[in-house]
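Shown next, in structure tokens, is the structure this report addresses.
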Amino acid sequence: MTDNEHEHDHARTFQPDHVEPTSEAARLGLALRELLIEAGHYSVDEEQAMIAAMQGASPENGAKIVAHAWTNDDYKARLLDDGANAIRELGFDLEPYEFTVMENTKTVHNVIVCTLCSCYPRSLLGMSPAWYKSSNYRARIVREPRAVLAEFGVNLSDGVEVRVHDSTAELRYMVLPERPTGTDGWSQEQLAALVTRDSLIGTQRELGGDK
Amino acid sequence: MSEAWGPHDVGGRTGGPVDLAEHDNAYWEWQIDAMVRLALAKGLITDFAELRHGIERLAPTDYDELSYYERWAKSLASTLLASGAITQDELDGKIDAIRRRQKIESSS
Amino acid sequence: MSEPKFKPGQRVRIADRTPLTHHRVPAYAKGKVGTVERICGVHGDPEKYIRGPGEPMQRVYRVRIPQIELWGSYSGAPKDMLEIEIFEHWLEVAT
């Protein structure tokens with residue numbers, strides 16, 4: 001990095017358009033950030049490219065995969081067998097993680113958590129919701145999943161098996177929700193529009209459709 | 001059930017209702033997130049596990065009171081101080097500078 | 001990498017130990033018995049988190065554990081399950 005670029009970055013580390021936090025820990029984070037940028041470890045341009053990439057991922061990615069699986073049985077079989085490779089087939093650039101897709105059926109409901117730290121399939125779902133990172137969700141979904149799901153409006157009969165997936169290690173999960181009835185003949189775009197973030201995490205079960 | 005080794009190991013604890021309010025990241029939270037990812041990409045930290053280790057070593061009261069990205073900031077700071085990538089003096093000086101800047105901002 | 005020590009369907013016990021460093025087994029799963037659901041590939045051992053050439057690798061399994069085995073008082077249906085990824089060195093054959 002040349003001196004000019006360095007000065008340029010120095011001037012840009014402070015961005016008055018954005019409200020700065022005043023908690024001690026957040027200020028510590030900002031201080032670290034400015035030190036690392038000023039020392040040339042990374043640039044503001046790199047930071048902004050990284051943030052744009054992170055903001056570019058959204059549940060629409062997951063929804064496209066679901067719509068593809070709903071309309072192509074062979075693809076669905078590959079997706080459930082080897083999630084990562086089937087997802088790459090559709091051109092998604094995954095973080096370096098194994099990917100596993102869990103299918104909801106009439107008799108099985110899947111839900112995802114990371115009790116230890118909040119691992120989340122960000123490349124396919126975008127930023128995780130605040131509740132996913134909360135201690136109450138992480139603590140309770142493994143022990144009383146039905147009660148927590150009821151708080152989300154998902155009420156399951158005892159005839160449905162609940163499978164909680166604690167994503168503690170190197171894998172990332174996504175739920176394949178059930179295709180709503182009354183959607184025969186719908187295009188993949190129409191189907192993808194029905195798929196919500198929460199249905200991909202498993203805190204929503206029923207999706208809209210032509211009821 | 002075995003003892004938890006850190007304040008992060010919450011699975012199975014009791015707790016209140018899940019707060020379902022949506023919260024978009026503030027810009028500084030994106031900046032912390034990007035900083036950690038770039039620190040990894042540039043080799044300042046060796047693995048995400050190193051960040052997690054730092055979070056798991058937080059005092060339980062800190063863990064419970066800090067927000068998600070505040071924990072990241074604390075953990076990354078302790079890792080970079082330990083590795084010598086930054087010094088305590090540099091960090092203290094920068095924190096003071098930000099505090100002064102924020103005072104001027106808030107009074108203007 | 002050697003062959004997997006465990007195969008799908010096999011009953012396994014998760015070790016009950018607490019190393020004083022970062023590890024990926026939550027307290028609630030320690031000492032519990034489940035069934036290997038699938039083999040999830042080979043990954044860097046997070047307990048030796050200094051990555052680089054010669055990084056120690058470990059096979060990871062997804063283990064399915066009945067909820068009623070995990071909690072003294074599980075209030076849901078008896079067939080409810082929990083699945084969790086466990087590194088090979090945390091598993092032993094259960095009878």
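Below are the figures for this structure:
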{"read-out": "Compactness index (Cα Rg / 2.2 N^0.38 Å), chain C", "value": "1.13"}
{"read-out": "Where a label projected 7 Å from the Cα of residue A:71 along Cα→Cβ would reach, residues of the stretch A:173-209 with amide N under 11 Å", "value": "A:185-193"}
{"read-out": "Under the Debye formula (equal points on every Cα, no solvent term), log10 I(q)/I(0) of chain A at q = 0.07, 0.11, 0.13, 0.15 Å⁻¹", "value": "-0.29, -0.64, -0.82, -0.99"}
{"read-out": "The stretch C:11-93: relative contact order in percent, alpha carbon pairs under 8 Å with at least 6 residues between", "value": "33 percent"}
{"read-out": "Whole-Hz couplings from phi, Karplus 6.51/-1.76/1.60, listed for the stretch C:60-74; x for Gly and Pro", "value": "10, 10, 9, 10, 9, 10, x, 4, 5, 7, 7, 10, x, 9, 8"}
{"read-out": "Choice from A:60, A:178, A:161 showing the highest fluctuation, given a GNM over chain A with Cα pairs closer than 10 Å", "value": "A:161"}
{"read-out": "Shape box of the protein assembly as shown [Cα atoms, principal axes, largest first, Å]", "value": "63, 51, 43"}
{"read-out": "Spin-label pair residue A:53/residue B:83, simplified geometry with 7 Å Cα→Cβ offset, distance in nm", "value": "1.8 nm"}
{"read-out": "Burial ordering of B:45, C:68, A:87, fewest other beta-carbon atoms within 10 Å first", "value": "C:68, B:45, A:87"}
{"read-out": "Nearest-20 debye value, chain C charge dipole, Cβ charges on Lys, Arg, Asp, Glu", "value": "100 debye"}
{"read-out": "Förster-model FRET efficiency, 56 Å R0, residue C:93 and residue B:96, C-beta, rounded to 0.05", "value": "0.45"}
{"read-out": "Quarter of the Cα convex hull surface for chain B, i.e. its orientation-mean projected area (nm²)", "value": "9.6 nm²"}
{"read-out": "Long-range amide H partners of residue A:161 with built H, under 5 Å", "value": "A:108, A:109"}
{"read-out": "For the stretch A:58-90 versus the stretch B:35-104, the gap between their alpha-carbon centres in whole angstrom", "value": "37 Å"}
{"read-out": "With Cα atoms, 0 to 90° folded angle of helix B:68-83 axis to chain B main axis", "value": "70 degrees"}
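Where a number appears in this text, it was derived from the coordinates with a stated rule and is not lab data. This one's a predicted model, so the numbers in the text were calculated from it and none came from an experiment. Cβ: placed from backbone, ideal geometry, glycine included. Neighbour counts: every protein chain shown.
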